[in-house]
Amino acid sequence: MATNYTDDIGPVAYPLKMVTQEVVEHMLGWNIPEDHQDLVHEHWRNFPAVSKYWHYGLAFIYTLLMLASLSGNGIVIWIFSTSKSLRSASNMFVINLAVFDLMMMLEMPLLVVNSFYQRLVGYQLGCDVYAVLGSLSGIGGAMTNAIIAFDRYKTISSPLDGRLNRVQASILILFSWLWALPFTFLPAFKVWGRFVPEGFLTTCSFDYITDDQDTKIFVMCIFVWSYVIPMVFICCFYSKLFGAVRLHERMLKEQAKKMNVKSLAANKEDSGKSVEIRIAKVAFTIFFLFLCSWTPYAFVTMTGAFGDRGLLTPVATMVPAVCAKIVSCIDPWVYAINHPRYRAELQKRLPWMGVRESDPDSVSSASGATAQTQNPTAEA
C-alpha cells in the first residue's frame, strides 16, 4: 500500500509503513516494544523523542547526587546511631529522615541505567520498583519532617517534661512508615491508581494525567495526604515553637535586668536551651528545603489532573523530580553545617573534613560556672 505525497517536483509515492515508522521513531516512546506500549500515556507521544545527550546529562547529575546522598546520609546514620552524645529520642527522627533519604537514593542507579538505555529497564516491574521507592521515601520523609517539628516544639516549649522518650519516638517513627504505605501500595497493586512513566520515560510516578474522575480523585487525595496534611502540621508546630522562643527571650531579658548580668544564657539550663534553638533552626531549614523540593512536584501533579496539561513538557516534569533528589542529598549537610553536637562529633571522628565546633556540653558547663562566679546569688 502506498500513499501519494507532493513535494517540489510533483507527486511522490511513499510506502505508508515507511512514513509511519519515521514519525513514530521521532516521538517519545518509539523505542518501547509493542507489548509494553500501554505504559506510555498518549500525552507523552505528542512530544519529540529526547536527545540521548539529555539522557546522558541526567545520568551524570544523578550519579553525583547518588554519591552525595550515600556519603552524607551514611555519615549521619553512622554518627547519630553510634555517638553517646547524640543517642537521644529526638535524634532517632534524624536517623529516620536519613533512612528515607537513602531510600530515595536507591532510585538513582535505576535512573542511570534507564538513561543509558533511553527507556525503562524492566518495563512495568521496573516502573513499579522505581515508583515504590519514591513514594515511600517522599511521603515518609514529609511526615518525618512534621514529627521533627512536633518534637522541637515539645522540647523547647517544655524542656523539663516535654521531651519525648525512646518508646514514644519509636511509635512516631513507626507511624511515619505506616503513613507512607497506603498511597504506595494501592497504586503498586493497581487497587486504586497506578504507576506510569513520566517525563523522559525513564522515571515513574503515580498517574496524574489520565483524564477520568477516578484519577482526579486519587490525585486530590494523595495531594492532601502526602503534602497538605504534613505541611499543616509543620506550620502549626513551628509557629507555636517561635512563639515559645519569643516568650523565653522576653523572660531572659527581664531576668537579666533583675540579676544585673550581661549574658542572657546565665546558667546551664539556658545555655542548653540555646543549643536546642540552634537545632530547631536546623530542623526549620530542612523543612524549608522540603517545601522547595516538593511544592514544584505538587504543582505538576495538580496541573496534570486539573489544569492545562500542555504545560507538562518532558523537561518541565523532570525538573521537580531532580529538585526532590537534590534536597535528599542536602539534608545531611545541613546538619553538618548547623547541628552543634553533630559538628563536634564530626570534628572528633572525621578531622580531615575541617569542621570546628566546641563541645556543647562543655560550653554549657563553662557558662554555668561563669554565671555563678559573676553572680553568686543567682540561685538564691
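The values are calculated or read from the model by the stated rules, or taken from the named source; none is laboratory data. In this text, all values refer to a predicted model and were calculated from it rather than measured experimentally. Because the Cβ atoms are built from the backbone with ideal geometry, glycine has one as well, and the counts that use them run over all protein chains shown.
Yes/no per residue for (1) out of contact with any strand residue (DSSP E or B) (no Cβ under 9 Å at 6 or more places or on another chain); (2) over 30 Å from CYS127 (Cα atoms); (3) at pLDDT 95 or above:
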position: ASP151; (1), (2), (3): yes, yes, no
position: LYS154; (1), (2), (3): yes, yes, no
position: ASN165; (1), (2), (3): yes, yes, no
position: SER170; (1), (2), (3): yes, yes, yes
position: TRP179; (1), (2), (3): yes, no, yes
position: TRP192; (1), (2), (3): yes, no, yes
position: PHE195; (1), (2), (3): no, no, yes
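Using the structure shown, decide if MET143 is hydrophobic (A, V, I, L, M, F, W, C) and surrounded by 24 or more Cβ atoms within 10 Å (Cβ to Cβ). For MET143, the condition - hydrophobic (A, V, I, L, M, F, W, C) and surrounded by 24 or more Cβ atoms within 10 Å (Cβ to Cβ) - is met.
Okay, residues lined up against (1) surrounded by fewer than 19 Cβ atoms within 10 Å (Cβ to Cβ); (2) modelled with pLDDT under 75; (3) in contact with a His (Cβ under 6 Å, 6 or more places away or on another chain); (4) closer than 14 Å to ILE286 by Cα:
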{"site": "ALA324", "(1), (2), (3), (4)": "no, no, no, yes"}
{"site": "CYS329", "(1), (2), (3), (4)": "no, no, no, yes"}
{"site": "PRO332", "(1), (2), (3), (4)": "no, no, no, yes"}
{"site": "TYR335", "(1), (2), (3), (4)": "no, yes, no, yes"}
{"site": "ARG341", "(1), (2), (3), (4)": "no, no, no, no"}
{"site": "LEU346", "(1), (2), (3), (4)": "no, no, no, no"}
{"site": "TRP352", "(1), (2), (3), (4)": "yes, no, no, no"}
{"site": "ARG356", "(1), (2), (3), (4)": "yes, yes, no, no"}
{"site": "ASP361", "(1), (2), (3), (4)": "yes, yes, no, no"}
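Can you find a residue that is in contact with a strand residue (DSSP E or B) (Cβ under 7 Å, 6 or more places away or on another chain) and not aliphatic (A, V, I, L, M) anywhere in the stretch 333-351? Checked against the condition, which is being in contact with a strand residue (DSSP E or B) (Cβ under 7 Å, 6 or more places away or on another chain) and not aliphatic (A, V, I, L, M), the stretch 333-351 yields no hits at all.
For the stretch 280-302, a tally of residues being farther than 24 Å from TYR208 by Cα and either outside any helix (DSSP H, G or I) or among the β-branched types (Val, Ile, Thr) (or both) returns 3.
Selection of the stretch 63-95 for residues being within 18 Å of ILE326 (Cα to Cα) and polar (S, T, N, Q) yields THR63, SER69, SER71, ASN73. Tell me yes or no: at least one residue of the stretch 120-129 is modelled with pLDDT of 90 or more, over 11 Å from the mean Cα position of the chain (by Cα) and within 20 Å of ILE330 (Cβ to Cβ). No, the stretch 120-129 contains no residue that is modelled with pLDDT of 90 or more, over 11 Å from the mean Cα position of the chain (by Cα) and within 20 Å of ILE330 (Cβ to Cβ).
Taking the numbered list (1) surrounded by fewer than 21 Cβ atoms within 10 Å (Cβ to Cβ); (2) closer than 27 Å to LYS240 by Cβ; (3) at pLDDT below 85 in turn, GLY368 passes all entries but (2). Looking across the stretch 227-244, not a single residue is under 30 Å from ARG45 (Cβ atoms) and surrounded by fewer than 17 Cβ atoms within 10 Å (Cβ to Cβ). Does any residue of the stretch 177-198 turn out to be of a type in the set (Asp, Glu) and either surrounded by 21 or more Cβ atoms within 10 Å (Cβ to Cβ) or in contact with a His (Cβ under 7 Å, 6 or more places away or on another chain) (or both)? There is at least one residue in the stretch 177-198 that is of a type in the set (Asp, Glu) and either surrounded by 21 or more Cβ atoms within 10 Å (Cβ to Cβ) or in contact with a His (Cβ under 7 Å, 6 or more places away or on another chain) (or both). Filter the stretch 208-226 down to the residues that are out of contact with any Gly (no Cβ under 6 Å at 6 or more places or on another chain) and surrounded by 21 or more Cβ atoms within 10 Å (Cβ to Cβ), then identify the one that is farthest from HIS41 (Cα to Cα). Applying the filter and picking the extreme gives SER226.
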